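J.: Next up is a structure, given as C-alpha cells.
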Amino acid sequence: MKKTTIAAFLGTATLIAACSSTVSTLKSEGYQQMNGEEIRMALTGNTLDGTDADGDYIIYYPTSSQMRIAYQGREESGVWRIDGDSYCRRWETFGSGKERCVTMFRKGDQIDWVQKGEITDRSVLINGNPGNL
C-alpha cells in the first residue's frame with residue numbers, strides 16, 4: 001500500500017471511531033445536551049461546518065425552517081424543524097429525501113449530533129453565512 005493510501009485509511013478510521021463515541025463520552029468531555037429552543041436559537045441565521053462518515057459539509061440555516069448545504073461537490077436545499085428536544089431535517093435528494101432526527105450536544109462552538117446513542121456528525125457553529133449559501 002502506498003503511504004498516501006495508508007494515511008487516508010487511517011484518517012477515515014479515526015473519523016469513524018470519533019463518530020461512534022457514546023453520549024457518556026461527550027458528557028465526560030463537558031458537552032451539554034441542547035434543548036429545542038437552544039437548537040433553534042443557535043442555528044437560525046448561522047452555519048454549521050461539519051463532518052460525517054462520508055465527508056465534510058457546510059450547512060446554512062437562513063430561517064427557522066429552511067437550510068442549504070454544500071456537500072460532496074453539490075449544493076442542495078432542505079427543511080428543518082424542532083421536535084421536542086430533537087433536531088429534524090430533510091433534504092431534497094440527500095438521504096433519499098427522508099427525514100432524520102438527532103439530539104445535539106454542545107461545548108462552546110462545537111456541536112455534535114447523536115442518533116441512537118452514537119455520534120454521527122461533528123460540527124462547529126459559525127456566525128452568519130460565510131459559505132455564501
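The values are calculated or read from the model by the stated rules, or taken from the named source; none is laboratory data. Since the structure is predicted, the reported quantities are computational estimates derived from the model, not experimental observations. Cβ sites come from the backbone with ideal geometry, for glycine too, and all protein chains shown count toward neighbours. Keep in mind that these areas ignore ligands, DNA and RNA; they rest on the heavy atoms of the full protein, side chains included. Shrake-Rupley method; radii C 1.70, N 1.55, O 1.52, S 1.80 Å.
J.: Collect the residues in the stretch 101-133 that are over 19 Å from A42 (Cα atoms) and basic (K, R), keeping them in residue-number order.
T.: Of everything in the stretch 101-133, just one residue is over 19 Å from A42 (Cα atoms) and basic (K, R), namely K116.
J.: Scan the stretch 110-120 and give yes if some residue there is under 15 Å from T51 (Cα atoms), open to solvent by 70 Å² or more (accessible area, probe 1.4 Å), assigned to a loop (DSSP other than H, G, I, E, B) and of a type outside the set (F, W, Y), otherwise no.
T.: No, every residue in the stretch 110-120 fails to be under 15 Å from T51 (Cα atoms), open to solvent by 70 Å² or more (accessible area, probe 1.4 Å), assigned to a loop (DSSP other than H, G, I, E, B) and of a type outside the set (F, W, Y).
J.: Working only within the stretch 99-120, note down all residues that are more than 15 Å from T22 (Cβ to Cβ) and among the acidic types (D, E). Full working, then the answer.
T.: Kept after step one, since they are more than 15 Å from T22 (Cβ to Cβ), are these residues of the stretch 99-120: 99-101, 104, 106-111.
Of everything in the stretch 99-120, those that are more than 15 Å from T22 (Cβ to Cβ) and among the acidic types (D, E) turn out to be E99, D109.
J.: Just checking, which of S96, S77, S65, S86 is small (G, A, S) and under 16 Å from M34 (Cα atoms)?
T.: Working: S96 fails: under 16 Å from M34 (Cα atoms); S77 fails: under 16 Å from M34 (Cα atoms); S65 fails: under 16 Å from M34 (Cα atoms).
The match here is S86.
J.: Sticking with this structure for a sec: Restricting to the stretch 22-39, count the residues that are polar (S, T, N, Q), open to solvent by 80 Å² or more (accessible area, probe 1.4 Å) and under 17 Å from the mean Cα position of the chain (by Cα).
T.: 2
J.: If S77 satisfies every condition in (1) more than 16 Å from the chain's Cα centre (by Cα); (2) over 14 Å from L43 (Cα atoms); (3) polar (S, T, N, Q); (4) at pLDDT 95 or above but one, which is the exception?
T.: Result: S77 fails condition (1) only.
J.: Counting just the residues of the stretch 88-100 that are out of contact with any Gly (no Cβ under 7 Å at 6 or more places or on another chain) and part of a loop (DSSP other than H, G, I, E, B), which one comes out nearest to M41 (Cα to Cα)? Explain how you work it out, then say what you get.
T.: Step one: of the stretch 88-100, the residues out of contact with any Gly (no Cβ under 7 Å at 6 or more places or on another chain) are 88, 93-100.
Adding the requirement that they be part of a loop (DSSP other than H, G, I, E, B) leaves 93, 98-99.
Values: T93: 26, K98: 24, E99: 21 Å.
The selected residue is E99.
J.: Looking at the stretch 40-87, which of the residues that are of a type in the set (S, T, N, Q) and in a strand (DSSP E or B) is most open to solvent (accessible area, probe 1.4 Å)? First the steps, then the outcome.
T.: Of all residues in the stretch 40-87, those of a type in the set (S, T, N, Q) come to 44, 46-47, 51, 63-66, 72, 77, 86.
Subsequent filtering for residues that are in a strand (DSSP E or B) retains 47, 51, 66, 77, 86.
Values: T47: 1, T51: 34, Q66: 94, S77: 46, S86: 31 Å².
My answer is Q66.
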